[in-house]
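Structure, as structure tokens:
Rule-based calculations on the coordinates, nothing more; no lab input. Everything numeric in this text was worked out from a predicted model, so none of it was measured. Glycine also receives a Cβ, built like all others from the backbone with ideal geometry; neighbour counts cover every protein chain displayed.
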Amino acid sequence: MAASEQYTTSIAIKTLRNFGRAAGGAVVFSLPMLMTMEFWGEGVKFSSARLLLLVVFSLPVLVLLSQYIGFERTNCWFDDIFDTVVAIGISAVICILVLMLFGVLEVGMPIYEWGTRVSVQLVPASLGALLARSQFSSKPITSDVKTEIEPYGREMFFMLIGAIFLGLNIAPTDDLLLIAFQITPLQVLLLLLASILAMHSFVFSVDFRGGTSLSHKGNGWSSFVRLTLPGYIIALAISFCFLWLFHRTDSLNFTVAIYATIVLAFPCSIGAAAARLIL
Amino acid sequence: MTTRGVNVGERSKRPLVEWVVGGLSTIILIAIVSWLVIQCIWGPVNRSVLRVETGLSERESESSIVTIYLINDGGRLANSVKIVATVTNADNSTTTKDIIFDEIGPGEEKFARLIVPKDYLSVGANIESYIEY
């Protein structure tokens, strides 16, 4: 009986520790966005349909992230889906509490305002919650990481996560468009080349901790074509998606929309490269 | 075995999908870089080129609403664009109204709605001033 109680208590403590870790990750990852007025300021209106797209398309990404890292060790897809739902729930509570503390959400505010202001924060916060184990765990998780999916797909996925995280931080800000407006075509071209160079040197040329076996195998050109260039295309795609989701392309012509995409792809590509090392 | 020999052996072990993804990425990137090079050579002029247009009016019960469009055909951002709209009333008297746009980027189009008397004769709009970075 005593042994059974002790087991139950230890499970409860472990669960609480996992949830606390997820809450910590949600706070750390979403705080920059919770404190950015472009996400919740007066006059900020995000289309409900686009927000729904953001949340729906992020669900499989979050489930995969739970599979690779998550805030606790999982054994099957059901566990991953369950953990994703828990991460979203914890993130929603964290976002609501912090936004209420900041006076952004108030009792009596229309439910639409609550929904918009919280749902736009859910994706970065949930990412943070599910990355908590890689950031806050005292034990290394390399042995837990599933290896049945080929490393190439995993590398691409981690780059996607890094691009999403940094892209989400910057995409809704006005500063991004201002840069895109005042930049010349030559500067855009140089920025594109600098992004690719930074991405490649971040992992392959400089001896950073965490470079993977894929990074070190083969010659530089092989890695450049197979990893860096696809990684940059992922960063570009994420940039354009976020600009569209946050209505930044609505009043732009094709040329400036491409400029803004390349400007946003700069931090996204750095995030993508860094994610391969950090995660 | 030479380094070259190792690389050739390593390359042949790579799954085809990695080279397909890499090849497609290279093609996309070459297309973007080529387009940017064309923009560098034949792109829009490196200054603001602003024009203002008056749209159709909408009749309300006691007034009319006229849409004023501001378009930047140039390649630079313009700030604090001041437009003076001149409304000619039914009795041939004129009144002026100021419209200020905080900023308009290259290729961007913005609009403002002007409330005028229901029986106005015409509305004209001119750009009075703007700041260019």
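Helical runs assigned H by DSSP (4 residues or longer) give chain B a calculated mean residue ellipticity at 222 nm of -10000 deg cm²/dmol, each run adding -39500 (n - 2.57) before division by the residue total. Angle of helix B:16-42 to the longest C-alpha principal axis of chain B, folded into 0 to 90 degrees and rounded to 10: 40°.
Computed FRET efficiency, Cβ-Cβ of B:Thr54 and A:Lys14, R0 45 Å: what is it to the nearest 0.05? Kindly include the intermediate steps, with their values, before the conclusion.
On the way: r = 69 Å, r/R0 = 1.53.
So, using R0 = 45 Å, E works out to roughly 0.05.
From the alpha carbon centroid of segment B:15-57 to that of segment B:101-133 is 29 Å. Roughly how tilted is helix B:3-13, in degrees to the nearest 10 and between 0 and 90, from the longest Cα axis of chain B? Here the helix axis deviates by roughly 70 degrees. A Förster distance of 60 Å, applied to the separation of the beta-carbon atoms of B:Ser93 and A:Leu178, puts the FRET efficiency at 0.90.
Non-local lysine pairs in the protein assembly as shown, meaning eight or more places apart or on different chains, with alpha-carbon distances under 18 Å, amount to 7. Ordered from longest to shortest, the equivalent ellipsoid semi-axes for segment A:225-268 are 21, 10, 7 Å, each the square root of 5 times a Cα gyration tensor eigenvalue.
For the pair B:Ser129 and A:Ile81, what calculated FRET efficiency results from E = 1/(1 + (r/R0)^6), where r is the Cβ-Cβ distance and R0 = 60 Å, to the nearest 0.05?
Efficiency, rounded to the nearest 0.05: 0.55.
Stretched out straight at 0.36 nm per residue, the stretch from A:Glu113 to A:Leu59 would grow longer than its current Cα-Cα span by 17.2 nm.
Straightening the chain between A:Lys45 and A:Ser4 buys 9.5 nm, computed as 0.36 nm per residue apart minus the Cα-Cα spacing. A Cβ-based charge dipole, computed about the Cα centre of segment A:1-99 with Lys and Arg at +1 and Asp and Glu at -1, lands at about 80 debye.
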